[in-house]
């Protein structure tokens, strides 16, 4: 490789003296340099080897330099061996057999490649064995190369020592026995080659054969016409996203088509399915939303099932569209793999290749079935599904209804959370069916006699009763007659008492003037009681045999007795 060829290589500093950098990295002798020579072994001791190199003084080798990996001697006294001679004038010669072997390998490499033309760039892949101030030493099959730091093109945070590297040979110095590499030149050549390959790819209209290089969960990288790109897992089949590892392996040849080229990042996107017949074109002509079709369950996940239409098109059946049962946790509770089912098309977006179907839409709504089976007033048995602050939800025949706190018990201090827990079976009465909003209301207390009804069995209008003041309102006073039974005294029926003077818990007496146990209402009157007492006094006067008693005396006596 001549100097004119070297000038054509794209590097940062063409004036850099690579030979000097190499000399520094190898710490060569500044005065005498290093030269390849032949020496004769004249003595072998336990720790060293004396070698005649044709100078006034013999050179000395470490014994390890003439042993193999198992510790066996490779030479004997009298043998000739190549050595590298390095010394300053007047000093004892320094020699190395291992360096000689390396220099010989470099010389052989140069001899084998020196006649390469400019059109035959030489790229090698070796291992970076060490780094110094000048650059990196790279070794390949025992041949050492030098790569200056400025031509390594490594990122600042990279630590390449011990790792493989591919670079381009940019200088072969036969006289000095040096080989210089440039990773930057190799990278530039790769970029140029990729640009040219991409340009050729973009001019191809039909399918191209590509080789699978690497397979990932999100797709696979393929190489076509010297350019590498990604086939995303959504671009493998019209059925939808697939795991590429289930269909292909590295080395497989697949037909692809370029579908996108990101010029800024120089990235190519390939598609396998773009080389095939698009069944969605057929779907667009044959299907529309609302159609009923027969499909096969192909795959199931927690969130739904994928169904096969039989022509390389898959639809999605979301778990919310599998059943009217809101408690369904997995489609496998209703479906089986390979099962044929009829579904309704609820969404069809051909440009986005999206098809959504529903199974439950072809099934009767549970609420409609419930309404046909039950009426208001029916007593049913259900299960508590959840308990809230305002009551409990009860499920009867796949339909949920509300058991409000006020319908749970006749005891106003009790609520659903005090009486039930989720999972409890409970008997309730249907008290409301709202077909328009598909809502149900249940009652538990309606199944037992109310305290008001029990009270009404033993009392009637005109009875005189006693109770305690519970609350005073603008329209009257609420009086508690017994547990769960309250009555109202309107202000006009309080006389001769004054509402402002009443206190909570105060006992008062009144007469019952109205009872509506079904509606939970009782009305009392103190004013009516007073009049009733007056009538009783008059009756007593009429019946007495003492004609001398005056009306006033009789009233006074009556009032004293009360």
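The values are calculated or read from the model by the stated rules, or taken from the named source; none is laboratory data. Worth saying up front: this structure is predicted, and the values here are computed from it rather than measured. Neighbour counts run over all protein chains shown; Cβ positions are idealised from the backbone, glycine included.
Here is a check on your reading of the model: is residue 448 under 58 Å from the mean Cα position of the chain (by Cα), at pLDDT below 90, loosely packed, with under 14 Cβ neighbours inside 10 Å and within 15 Å of residue 518 (Cα to Cα)?
When the stated conditions are applied, residue 448 passes them.
Got a number for residues in the stretch 357-394 being in contact (Cβ under 8 Å) with a residue 40 or more places away in the chain, assigned to a strand (DSSP E or B) and under 21 Å from residue 320 (Cβ atoms)?
Here the count works out to 3.
So, residue 93, is that one in contact with a strand residue (DSSP E or B) (Cβ under 7 Å, 6 or more places away or on another chain) and under 19 Å from residue 184 (Cα atoms) or not?
Answer is no for this residue.
Scan the stretch 414-436 residue by residue and report those that are farther than 16 Å from residue 367 by Cβ and outside any loop (DSSP other than H, G, I, E, B).
Answer for the stretch 414-436, where residues must be farther than 16 Å from residue 367 by Cβ and outside any loop (DSSP other than H, G, I, E, B): 416, 417, 418, 419, 425, 426, 427, 428, 429, 431.
Going through the stretch 440-481 one residue at a time, which ones are part of a strand (DSSP E or B), in contact (Cβ under 8 Å) with a residue 60 or more places away in the chain and outside the structural domain of residue 404 (by TED's automatic domain parsing)?
Listed by number, the list holds a single entry, 464.
Could you check residue 409 against (1) under 26 Å from residue 485 (Cβ atoms); (2) outside any loop (DSSP other than H, G, I, E, B) and say which number it fails?
Among (1) under 26 Å from residue 485 (Cβ atoms); (2) outside any loop (DSSP other than H, G, I, E, B), the lone unmet condition for residue 409 is (2).
Limited to the stretch 482-526, what total is found for residues that are within 15 Å of residue 461 (Cα to Cα), assigned to a strand (DSSP E or B) and touching a helix residue (DSSP H, G or I) at 6+ places or on another chain (Cβ under 6 Å)?
5
So in the stretch 405-439, with the set limited to residues that are crowded, with 17+ Cβ neighbours inside 10 Å and free of Cβ contacts under 8 Å to residues at least 40 places away in the same chain, which one is farthest from the chain's Cα centre (by Cα)?
In this case the residue turns out to be 409.
In the stretch 451-469, which residues are in contact with a helix residue (DSSP H, G or I) (Cβ under 6 Å, 6 or more places away or on another chain) and either farther than 23 Å from residue 378 by Cα or modelled with pLDDT of 85 or more (or both)?
Matches in the stretch 451-469: 456 only.
Just checking, how many residues over the stretch 153-164 are surrounded by 12 or more Cβ atoms within 10 Å (Cβ to Cβ) and out of contact with any strand residue (DSSP E or B) (no Cβ under 6 Å at 6 or more places or on another chain)?
Qualifying residue count for the region: 2.
Taking residue 167 as the residue in question, decide whether it is in contact with a helix residue (DSSP H, G or I) (Cβ under 8 Å, 6 or more places away or on another chain), surrounded by 12 or more Cβ atoms within 10 Å (Cβ to Cβ), at positive phi and outside any helix (DSSP H, G or I).
For residue 167, the condition - in contact with a helix residue (DSSP H, G or I) (Cβ under 8 Å, 6 or more places away or on another chain), surrounded by 12 or more Cβ atoms within 10 Å (Cβ to Cβ), at positive phi and outside any helix (DSSP H, G or I) - is not met.
Could you look through the stretch 372-399, keep only residues that are over 38 Å from the mean Cα position of the chain (by Cα) and surrounded by 15 or more Cβ atoms within 10 Å (Cβ to Cβ), and pick out the one that is farthest from residue 417 (Cα to Cα)?
374
Against the definition (assigned by TED's automatic domain parsing to the domain that holds residue 317 and not in a strand (DSSP E or B)), how does residue 338 come out, yes or no?
When the stated conditions are applied, residue 338 passes them.
Take the stretch 36-80 and flag every residue that is in contact with a helix residue (DSSP H, G or I) (Cβ under 8 Å, 6 or more places away or on another chain) and in a loop (DSSP other than H, G, I, E, B).
45, 46, 47, 74, 75
Determine whether the stretch 76-99 contains at least one residue that is surrounded by 16 or more Cβ atoms within 10 Å (Cβ to Cβ), modelled with pLDDT of 85 or more and under 30 Å from residue 266 (Cα atoms).
No, that holds for no residue.
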